[in-house]
Number of protein chains: 2
Amino acid sequence: MTNIHLARPEDADRLLAMVAACHDELGIRQSDADRAAALAPLLDGSPHGVAYMIGPVRAPIGYTVISFGWSLAYGGLAGQVQDIWIRPGVRRRGIGTEVLYALPKALAQAGLCALSAAAPPATPTEIFFRRARFANHDDSVVMTLRL
Amino acid sequence: MTNIHLARPEDADRLLAMVAACHDELGIRQSDADRAAALAPLLDGSPHGVAYMIGPVRAPIGYTVISFGWSLAYGGLAGQVQDIWIRPGVRRRGIGTEVLYALPKALAQAGLCALSAAAPPATPTEIFFRRARFANHDDSVVMTLRL
């Protein structure tokens, strides 16, 4: 069973390096300072989300960030998988899937009523979430306006 | 200019009737008690979201619910349009569009860095958000797991 622990301020450096690697893969460009500033509240107990370190505390092999929001339709606090990232060298061993099975249990105990994610159709990411029982109810796509 | 005000506990009955009508249109089934319980925290100052009443205080013509979550990619607090609903009798007059232009300004002043929404491609809802400058960066669909 892969260890998962809630990221704390002392995890910041190790977590930041992984977030930078993940965002680099996704083509998200951000300065190191902006990335650190965006991450800090999640390590300091913000009500808006959490980060989990995956693997050994001093040598994590991945991380996931969950944002907390409110869903009227699901009737309460709902999480959104923002990032879930495993180091390239240890991919395709089922670690991410294991995390996606363990996480909902922990989040349900914390009072969340639903967990969602967004993935392009017919991609490995979509298959990954579908395998973990995530389902889409329609073909709604996510649209964003930067404020 | 259409009046918009933050929904408070005294708006609960009027708001609940509109949420019920909106969810009925969307095919979301929920008991009145569950709907009231899901809405109450938003009226009581929850950090996880807000509801706005659209139109005259005592005779609102619509509402919108915004969920607040955390986005690493956008670098901070991000809103999600959960519902935006206008009474059928006053639709197609641009009221929703007017709200979607006013809201981002108010939310940006409250410190939000992005606002997102989900809509099926090539539907009036998608066109509505696109007109208000919402854009999709890829064709990611929303997938959910009930906890």
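Computed quantities for the displayed model
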| quantity | calculated |
| --- | --- |
| Pair list, Cβ < 8 Å and 6+ apart or interchain, from segment B:125-145 residues that are more than 7 Å from every other protein chain (Cβ to nearest Cβ) to residues that are in a helix (DSSP H, G or I) and among the small types (Gly, Ala, Ser) | B:PHE128/B:GLY96 |
| Filter result for the condition that a residue is surrounded by fewer than 20 Cβ atoms within 10 Å (Cβ to Cβ), more than 9 Å from chain B (Cβ to nearest Cβ), more than 15 Å from the chain's Cα centre (by Cα) and at pLDDT 95 or above, over A:GLY89, A:GLY55, A:GLY94, A:GLY27 | A:GLY89 |
| Residue within segment A:89-112 that is assigned to a strand (DSSP E or B), out of contact with any Leu (no Cβ under 6 Å at 6 or more places or on another chain) and free of Cβ contacts under 8 Å to residues at least 24 places away in the same chain present | no |
| Unmet requirement for B:LEU112, which otherwise passes all of (1) closer than 20 Å to A:GLY75 by Cα; (2) out of contact with any Cys (no Cβ under 8 Å at 6 or more places or on another chain); (3) not basic (Lys, Arg) | (1) |
| All positions within segment B:125-147 that are closer than 20 Å to A:THR123 by Cβ and in a loop (DSSP other than H, G, I, E, B) | B:ASN136, B:HIS137, B:ASP138, B:ASP139, B:SER140 |
| Selected residue (only one of B:ARG35, B:ARG8 is surrounded by 13 or more Cβ atoms within 10 Å (Cβ to Cβ) and either more than 9 Å from chain A (Cβ to nearest Cβ) or on the phi > 0 side of the Ramachandran plot (or both)) | B:ARG8 |
| Residue that is nearest to B:PRO41 (Cα to Cα), among those in segment A:58-73 that are hydroxyl-bearing (Ser, Thr, Tyr) and within 7 Å of chain B (Cβ to nearest Cβ) | A:SER71 |
| Some residue of segment B:116-124 being under 25 Å from B:ASN3 (Cβ atoms), within 9 Å of chain A (Cβ to nearest Cβ), among the aliphatic types (A, V, I, L, M) and assigned to a loop (DSSP other than H, G, I, E, B) | no |
| Which listed residue, of A:ALA110, A:ALA106, is surrounded by fewer than 17 Cβ atoms within 10 Å (Cβ to Cβ), within 14 Å of the chain's Cα centre (by Cα) and under 30 Å from B:ILE28 (Cβ atoms) | A:ALA106 |
| Single residue of segment A:105-115 satisfying the filter (of a type in the set (A, V, I, L, M) and more than 7 Å from every other protein chain (Cβ to nearest Cβ)) that is farthest from B:GLN109 (Cα to Cα) | A:ALA106 |
| Members of segment A:1-51 found to be assigned to a loop (DSSP other than H, G, I, E, B), in contact (Cβ under 8 Å) with a residue 12 or more places away in the chain and more than 22 Å from A:THR97 (Cα to Cα), listed by number | A:ARG8, A:ASP44, A:PRO47, A:HIS48 |
| The listed residue being polar (S, T, N, Q) and more than 29 Å from A:PRO104 (Cα to Cα), out of B:THR144, B:THR125 | B:THR125 |
| Segment B:62-86: number of residues that are surrounded by 24 or more Cβ atoms within 10 Å (Cβ to Cβ) and either in contact with a Cys (Cβ under 7 Å, 6 or more places away or on another chain) or modelled with pLDDT under 95 (or both) | 1 |
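The values are calculated or read from the model by the stated rules, or taken from the named source; none is laboratory data. Here the structure is a predicted model, which is why all the values come from computation and not from measurement. Glycine also receives a Cβ, built like all others from the backbone with ideal geometry; neighbour counts cover every protein chain displayed.
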